[in-house]
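To keep things clear, I will list the structure first and then write my remarks on it.
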There are 2 protein chains.
Amino acid sequence: MRDFSDATRRLADLIVGFGANVQPGQIVAVTTSTGKEKLTREITRSAYEHGARWVDVQTYDPWVKRQRIALAPEDSLEFVPPWQLVRLEWLSAEGAARITLSGPSAPEALEGLDPTRAGRDVMPYLPNSGDVMNRRTTNWCVAPGPTVGWATAVYPELDPDTALERLWDAMIHICRLETDDPAGAWLERFASLTATAARLQERNFDAIHLHGPGTNLTVGLFRSSLWNAAGFTRADGLKHFPNIPSEEMFTTPDPARVDGYVSTTMPKELYGSIIDGVRLEFAQGRVTKVEADRGADALRAVIAKDEGASRLGELALVDGEGRIGPLETVFFDTLIDENAASHIALGTAYGFMVGDETERARANKSAVHVDLMVGSAALDVDGITEAGEHVPVLRNGGWQI
Amino acid sequence: MRDFSDATRRLADLIVGFGANVQPGQIVAVTTSTGKEKLTREITRSAYEHGARWVDVQTYDPWVKRQRIALAPEDSLEFVPPWQLVRLEWLSAEGAARITLSGPSAPEALEGLDPTRAGRDVMPYLPNSGDVMNRRTTNWCVAPGPTVGWATAVYPELDPDTALERLWDAMIHICRLETDDPAGAWLERFASLTATAARLQERNFDAIHLHGPGTNLTVGLFRSSLWNAAGFTRADGLKHFPNIPSEEMFTTPDPARVDGYVSTTMPKELYGSIIDGVRLEFAQGRVTKVEADRGADALRAVIAKDEGASRLGELALVDGEGRIGPLETVFFDTLIDENAASHIALGTAYGFMVGDETERARANKSAVHVDLMVGSAALDVDGITEAGEHVPVLRNGGWQI
């Protein structure tokens, strides 16, 4: 097994110094899982080196979650301890930095569980997570934390050590850690994404039309929907980059104006279940039919969670220029996979990405946010103008605008 | 490396079903450390099997703590996140069960740090920990969680695998897990301890006198000080056994009436520092002089924490009949070592172990509770009656009453 101490250190420094952009005197919350201890410790080190006042680490263990899903009383599965909400409100009030390590640390831990029970425990996502994000009070970053369990799920044909080496190599490539200056490499890529987002914004499309194999979906936008890429800005002006890696540009759709059908192009891990070959039908914004080759019940359970879970909260476009898509690998981690292909998300919207206050009030709200990858080179993306004109936006992974 | 899955499971069941005595419908808080994942998962399993509604696991990582002690701003080291206090108050209000795994999971993590900085971070002990305990609202249990790091500190001459096997064997013996019915074995031992405590109670001594090599200390008791062993009873009557193992009987002294000098008989880990060969002088209850062969600064830093940290909150007597003392091993874990030998504790008292309300208000209060082992076969323990008569209590480890 090769030594990834240096990569671990570089990734931690990128997450802390560039992604979350930790400031002197800040509280820094870290959400991590068992198996990611080394990266968590390096993040803690880097955060204190950047002047953090307190690094508040929370560790989730999927094997502990397994016991809950398998054994806890039926009526307790949606329970969230109230101190978790208090803690998140405190982080918001303190203007804290928040770092989350993604990637399923031990996917095998949730195998064979009842998917409808599993789908009812969505922690570490909290009922106030979307609300706090929309207040833009915290500078946050989600980034991958490789583990042997995750690696084995991605490369089942390899022995565990080789699989972990392969996953680390992929993460080093995807996160641009091999360069002398990863933050500089990201700034360059982000400048290009931001320029494209600005061109999309200029067009002010009334809707986006996705069409390709198994997909013919029209996603209505608000007049004041904003296109964003790469960076977020806190309400007080502090810049941060919420996802490392990020190859997408995204907007907040009108949850009442989504019609047609859409098919996913990649499998996905959903609260312990794998869902694959999903086909959704929409009418007037609402999901009216859910089919899937695998995991339909798990997805249906999540969609039934609340009204907003059956409507769209995000539309994101991904070109063919990123580093993830060309690997043609399913990472079973939304952070990575959603940056391989254009996607939609059911559930909570980025409300602040709607400029007009009245329209913003109509942005989708939910206790969940579920990204579904629907893009591929074969997916054509058009913008539809107010006048009804169809304008090519993406063809074969290349921008047409 | 032998497989300790069965011992892990049996220990978890003893902690949950007997020690904490988890009831159907309860919230169960678990405080654990990295390296104790297997036992933590078995405890979670057992808690849900006993009907727990939610198992709230908090994991501490000594390597994360190391970064704080090494790097955090000087004025931040005593900071405790407010949600921790909220969480503990919630556990109290809910009448939760609380389980803590003891034993330093990786003692090497805190090596070489500045002891005065290390002594300022006493988490997971919280400012309201003593208060919540004294309310008797929660049923709790502290029990050992063996790790390879801990094992290596206890048996430095052995290779890590052998050391861990040796530590597990010691814990199996000490926790009476080798019997068919560990809970039954404990009930038998506890019945004997409780009978002795009742005899001590009957004498209603005015003070206890400890005298032996390096020790000549008189510890005054309240008129209404209660002697207890083995079991606690919640305010609502639920019985639990706060320590597995437990070989001690203990009382709450008068913090204003402690005079003389006392020497420790075992080294101790104190917030990452080893303290050994401690000699304390007391006058009118207060520590007036601190000397130590090792770690004097660390101990002085803790004693300076608040007024109560320089006064006694506990006096405990341990006979020679227990299973820990005969092993003649220093475990560097207070839970185990304090049950090998008679001890005193600086800091927070068990207020509820003073019967009279006016006297109870005078029981010691502090943000810390530091046990110091002072007993040995060579320590004579006498009770002093109101009339000034000295009555032998312990001689050569055997009860004289």
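The values are calculated or read from the model by the stated rules, or taken from the named source; none is laboratory data. Predicted model, so just to flag it, every value in this text is computed and none were measured. When we count neighbours, we look across all protein chains shown, and the Cβ atoms used for this are built from the backbone with ideal geometry, even at glycine. For the accessible areas, the whole protein counts, side chains as well, though only heavy atoms, and no ligand, DNA or RNA atoms are used. Shrake-Rupley method; radii C 1.70, N 1.55, O 1.52, S 1.80 Å.
Somewhere in the stretch A:382-399, is a residue hydrophobic (A, V, I, L, M, F, W, C), under 21 Å from A:S273 (Cα atoms) and surrounded by 21 or more Cβ atoms within 10 Å (Cβ to Cβ)? For the stretch A:382-399, residues hydrophobic (A, V, I, L, M, F, W, C), under 21 Å from A:S273 (Cα atoms) and surrounded by 21 or more Cβ atoms within 10 Å (Cβ to Cβ): absent. Scanning the stretch B:26-83 for residues that are within 7 Å of chain A (Cβ to nearest Cβ), in a loop (DSSP other than H, G, I, E, B) and not hydrophobic (A, V, I, L, M, F, W, C) yields B:T34, B:R53, B:D61, B:P73, B:P81.
When each of B:G112, B:G103 is tested for being in contact (Cβ under 8 Å) with a residue 40 or more places away in the chain and on the phi > 0 side of the Ramachandran plot, the lone residue that passes is B:G103. The residues of the stretch B:89-138 that are part of a helix (DSSP H, G or I) and either of a type in the set (D, E, K, R) or over 21 Å from B:L238 (Cβ atoms) (or both), listed by number, are B:E89, B:E94, B:P107, B:E108, B:A109, B:L110, B:P115, B:T116, B:R117, B:A118, B:D131, B:R135.
Here is a yes/no grid of residues against (1) open to solvent by less than 20 Å² (accessible area, probe 1.4 Å); (2) in a strand (DSSP E or B); (3) more than 29 Å from B:S102 (Cα to Cα):
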site	(1), (2), (3)
B:R189	no, no, no
B:L193	yes, no, no
B:F205	yes, no, yes
B:R257	no, yes, yes
B:T265	no, no, no
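I'd like to know if the stretch B:79-91 contains one or more residues that are farther than 23 Å from A:D121 by Cα and in contact with a Ser or Thr (Cβ under 7 Å, 6 or more places away or on another chain). Among the residues of the stretch B:79-91, not one is farther than 23 Å from A:D121 by Cα and in contact with a Ser or Thr (Cβ under 7 Å, 6 or more places away or on another chain), which makes the answer no. Candidates A:A96, A:A72: the one that is closer than 30 Å to B:E74 by Cβ, among the small types (G, A, S), open to solvent by less than 10 Å² (accessible area, probe 1.4 Å) and modelled with pLDDT of 95 or more is A:A96.
For A:K36, all conditions in the list (1) out of contact with any helix residue (DSSP H, G or I) (no Cβ under 8 Å at 6 or more places or on another chain); (2) open to solvent by 40 Å² or more (accessible area, probe 1.4 Å); (3) charged (D, E, K, R); (4) within 29 Å of A:R234 (Cα to Cα) hold save one; what is the number of the exception? Unmet condition: (2). The set of residues from the stretch B:36-52 being small (G, A, S) and under 14 Å from B:A143 (Cβ atoms) comprises B:S46, B:A47. Against the conditions (1) part of a helix (DSSP H, G or I); (2) surrounded by fewer than 19 Cβ atoms within 10 Å (Cβ to Cβ), A:T218 satisfies every one except (1).
Of all residues in the stretch A:139-167, those being open to solvent by 20 Å² or more (accessible area, probe 1.4 Å) and not in a loop (DSSP other than H, G, I, E, B) number 11.
Scanning the stretch A:291-302 for residues that are touching a strand residue (DSSP E or B) at 6+ places or on another chain (Cβ under 7 Å) and open to solvent by 20 Å² or more (accessible area, probe 1.4 Å) yields a count of 6.
Yes or no, residue by residue, for (1) hydroxyl-bearing (S, T, Y); (2) in contact with a Lys or Arg (Cβ under 6 Å, 6 or more places away or on another chain):
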| residue | (1), (2) |
| --- | --- |
| A:S33 | yes, no |
| A:R41 | no, no |
| A:T44 | yes, no |
| A:A93 | no, no |
| A:R98 | no, no |
| A:A109 | no, yes |
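Residues of the stretch A:378-399 that are closer than 18 Å to A:T196 by Cα, in a loop (DSSP other than H, G, I, E, B) and under 22 Å from the mean Cα position of the chain (by Cα): A:G397 alone.
Which of the residues spanning the stretch A:174-187 are open to solvent by 50 Å² or more (accessible area, probe 1.4 Å) and in contact with a helix residue (DSSP H, G or I) (Cβ under 8 Å, 6 or more places away or on another chain)? Result: A:E178, single match. If the condition is being modelled with pLDDT under 90 and part of a strand (DSSP E or B), then the stretch A:272-305 contributes A:S273, A:I274.
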